[in-house]
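Input: a single structure, listed below in structure tokens.
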Amino acid sequence: MKQVSNMANTSNGSLATLLILFTISAAIHTVQSQNLIADNISVVEGETATISCRVKNNDDSVIQLLNPNRQTIYFKDVRPLKDARFQLVNFSDNELRVSLSNVSLSDEGRYVCQLYTDPPQEAYADITVLVPPGNPIIESREDIVREGNETEITCTSMGSKPAATIKWMKGDKELQGKSKVEATYDRMFTVTSWLRFTVTREDDEVPVVCIVDHPAVKDFQAQKYLEVQYKPEVTIKVEFPQGLIREGESLELTCQVKGKPEPHQVNWVRVDDDVPSHAVITGSDLYIENLNKSYNGTYRCVASNSVGETYADYILYVRDALTTTPKPTTTTTTTISTTTSPPDIIQDAAPSTEAAAHDSQAGPEAQRLDHAVIGGVVAVVVFAMLCLLIVLGRYFARHKGTYFTHEAKGADDAADADTAIINAEGGHNNSDEKKEYYI
């Protein structure tokens, strides 16, 4: 009997299961044959939302739209609800589309698309109202921060729905802050984020940006510029000389200083010794002339402001002065013919003088050699002039004057002077015919 009873119970359970499966299958078949579709909507407060109830393969069933309180907004193309913000956009056998203008938080909820079939079908459209946040507020713990100290900056985003998210940027680098979300009245939220970091001098005048991200707005931001105070940054520049420093030369150093606030004092000192007595200090410049090895040492430029004091060092090492070693010279003897005219001699000497002037550009070590060359050229010129005088003397000696007279003609045969005069041809009567020639 127990076995028969168990078999009967098993048969009844199987039949019940088959009946349930058949009912579900029929329902699924009905839904699939007439698909009712509705979409969720997100809308910014004050804007317009559009609700669409769509039917696939409709068999002339009636479509209606209900509000979250199950009140009928539209039955077919008729609006029973007395709310003029709802307007019919489209009505057909396959769609009922309705717009809702000037959306407010009170309009948020689940709207129902209903299709009168057997059994009735429903689809849901959830309206989410977005409320954008107000302008973010950024504040810092102090307006002026000293290098090496930690600072804190706060950014607050108020009155949003849903809660906003906040991220931080310093320059082009993203930083991580800590945030806190608080729920306020009417499902609104306030978000506060804190950013803490250690300040360096590179952060001076760099913007720190608070970026608020929300579905209703994108890249809503506020920024604050850091003002960082830091100790002076000191560097020493050698104005002259360039390269190695030698005895007898002069030295000029410039102390270049940068700090915030501006350094109020810049000093030059010599480490472990005194600055040379004849050194000239003008502001940030140090000038020492006529260097010698006793000036070797470390010279320090010290700068200070309200934040602190820093310095930079310059090590002076004076080397021996350069010594001039005369280079061996080769003397060339030039023989000038005495038959050469004076202009030619001067022209031959001129290139040597130009060569000596050109060689004087070689440097201090060649100057003495140039003087010797110039002296040699002068000696050659003098010698040429002496030769010229000798040639001229010989020329004039060969062409000296000749004197001719007829007064003593026949005097060679006279015994004495009186006889010569008496016997002279023509005597005194021919005195007018006397002629003199001189060349």
Expressed in Å to one decimal, the Kirkwood Rh of the range 134-219 from all distinct alpha-carbon pairs is 13.7
Taking 0.36 nm per residue of separation between GLU47 and ASN267 and subtracting their Cα-Cα distance, the length gained on full extension comes to 72.3 nm
Place a point 7 Å from the Cα of ARG196 in the direction of its beta carbon; the residues of the range 151-181 whose amide N falls under 13 Å from it are 151-154, 177-179
Residue-normalised value, i.e. accessible area per residue, for the range 134-219 at 1.4 Å probe, in Å², stands at 56
log10 I(q)/I(0) for the range 36-130, Debye formula on C-alpha points only (no solvent), q = 0.14, 0.26 Å⁻¹, two decimals, reads -0.45, -1.48
Expressed per residue, the solvent accessible area of the range 231-316 in Å² (1.4 Å probe) is about 55
Carbon and sulfur atoms account, in whole percent of the 1.4 Å probe accessible area of the range 190-335, for 47
Taking a crude spin-label model, label points 7 Å out from Cα along the C-beta direction, the THR128 to VAL206 distance in nm is 3.7
Log entry: pair-distance distribution for the range 231-316, C-alpha pairs binned every 5 Å from zero, whole % per bin is 3, 15, 26, 24, 16, 9, 5, 2, 0
At R0 = 25 Å the Cβ-Cβ FRET efficiency linking LEU322 and ILE281, nearest 0.05, sits at 0.30
Heavy-atom accessible area per residue of the range 36-130, all protein chains kept, 1.4 Å probe, expressed in Å², is 51
1/(1 + (r/R0)^6) with r = Cβ-Cβ of ARG70 and THR184, R0 = 35 Å, i.e. FRET efficiency to nearest 0.05, evaluates to 0.70
Between LYS82 and GLU174, Cβ-based FRET efficiency (R0 56 Å, step 0.05) works out to 0.60
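The values are calculated or read from the model by the stated rules, or taken from the named source; none is laboratory data. Note that this is a predicted model, so its numbers are computed, not measured. We place every Cβ from the backbone using ideal geometry, glycine too, and count neighbours over all the protein chains shown. These area figures cover heavy atoms from the full protein model, side chains too; ligands, DNA and RNA do not enter into them. Shrake-Rupley method; radii C 1.70, N 1.55, O 1.52, S 1.80 Å.
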